[in-house]
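What follows is a set of notes on a single structure, which appears directly below.
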Amino acid sequence: MGLRKKSTKNPPVLSQEFILQNHADIVSCVGMFFLLGLVFEGTAEASIVFLTLQHSVAVPAAEEQATGSKSLYYYGVKDLATVFFYMLVAIIIHATIQEYVLDKINKRMQFTKAKQNKFNESGQFSVFYFFSCIWGTFILISENCLSDPTLIWKARPHSMMTFQMKFFYISQLAYWFHAFPELYFQKTKKQDIPRQLVYIGLHLFHITGAYLLYLNHLGLLLLVLHYFVELLSHMCGLFYFSDEKYQKGVSLWAIVFILGRLVTLIVSVLTVGFHLAGSQNRNPDALTGNVNVLAAKIAVLSSSCTIQAYVTWNLITLWLQRWVEDSNIQASCMKKKRSRSSKKRTENGVGVETSNRVDCPPKRKEKSS
């Protein structure tokens, strides 16, 4: 994403430059509007829809001990309001990190404009991926998914989510939806917008699919694996921007990237092979989470394989482009070195000839005489 430039001049109110400079404050005022709604009795019910998770169901005491939660959740239309509010929160956090962390580092390092844009993008994604990896791993441990891998395809019950699971997915959707207005706020270049839209759209497609099909544990595990690989990618990029001697770290990330794709494919195939929701069901019902049919399995597996192939192909093409650019740069450098060496040789040759002439004037004088 592009670099937001700040000027010392005060632009006209409600102008484009005013919105770009003060978008975080404007969004904060909108968020405070929902918080103030809790104060008044007439608007409290409407504000709660935006601030808290909706569609909860109380569970009996026996199920409460089994799941370790007082209530379970399913998805519904009210989730759109919750996603909208936390999208505002994501915009505020994005602007805070940009202003108080990344901008100060940019001033110290004195990057070029191209490196500033890449550094800001890698910095923002690194913070998000790091926090998401820790949060997702904590959920997997707390719900015993790592100790009992069968929970990946046998969630209990399959049509419900715990509080922390649903809040994680709401936060993920809010973050990736906030990336659309950030394209405008950060003044992203037109040539970079299609790449950003594809990147954002792929994440939204798979996160929304896992959320609506109640593939919560599988989606969470795949997200943690994916975010860990992306975190290493952007961390290597940050080190490389600070000092180009960390080029080996980029090569190390490529190996981790390939391993991450393979692990993702293996987990997806095993999960589909062991049945997504337990037993076969010929009457699928997406509203209740009964999607364990052959068509749903093929759709999930094909989607996972397609995205892995797409991302891997992008990596290959990127490395081929870099290899061609590096080879062209090396070829041009070799040509310059050869031209310089040839010039030096000619100069040295002239020097030898003149020195020989200096050594031989008596002979030439004898010939002339």
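None of the figures in this text is laboratory data; all of them are computed from the coordinates on show. For clarity, every value in this text was computed on a predicted model and none was experimentally measured. Virtual Cβ from ideal backbone geometry, glycine too; neighbours counted across all protein chains shown.
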Give me the one-decimal nm value for the distance between modelled label points at VAL263 and LEU315, 7 Å along each residue's Cα-to-Cβ direction. 1.2
Do any chymotrypsin sites (Phe, Trp or Tyr not before Pro) in the stretch 25-55 lie in a loop, going by DSSP, with at most 10 other beta-carbon atoms within 10 Å of their beta carbon, and if so which? PHE40
On full extension of the chain, what length is gained from LEU80 through PHE274, given 0.36 nm per residue of separation minus the C-alpha to C-alpha distance? 66.6 nm
I'd like the Karplus ³J(HN,Hα) series for the stretch 137-148: coefficients 6.51, -1.76, 1.60, θ = phi - 60°, whole numbers in Hz, and an x wherever there's a Gly or Pro. 5, 4, 5, 4, 6, 5, 9, 6, 6, 7, 7, 10
With the cut-off at 18 Å, tell me which of the pairs LYS115/LYS187; LYS115/LYS336; LYS118/LYS189; LYS115/LYS189; LYS113/LYS335 have Cα atoms farther apart than that. LYS115/LYS336; LYS113/LYS335
Starting at the first residue of the stretch 29-38, write each ³J(HN,Hα) from the Karplus equation 6.51 cos²θ - 1.76 cosθ + 1.60 with θ = phi - 60°, in whole Hz, x for Gly and Pro. 5, 5, x, 5, 4, 6, 5, 5, x, 6
Ranked from highest to lowest mean number of other Cβ atoms within 10 Å per residue, what is the order of the peptides 252-259, 210-217? 210-217, 252-259
Derived scalar couplings ³J(HN,Hα) [the stretch 83-91; Karplus, 6.51 cos²θ - 1.76 cosθ + 1.60; whole Hz; x for Gly, Pro]: 4, 5, 5, 6, 5, 4, 4, 5, 5
In nm², the average projected area of the convex hull spanned by the Cα atoms of the stretch 187-236 is 4.4
Out of residues 5 or more away from SER56 or on other chains, whose amide H comes under 5 Å of its own, with H placed 1.01 Å from N in the peptide plane? none
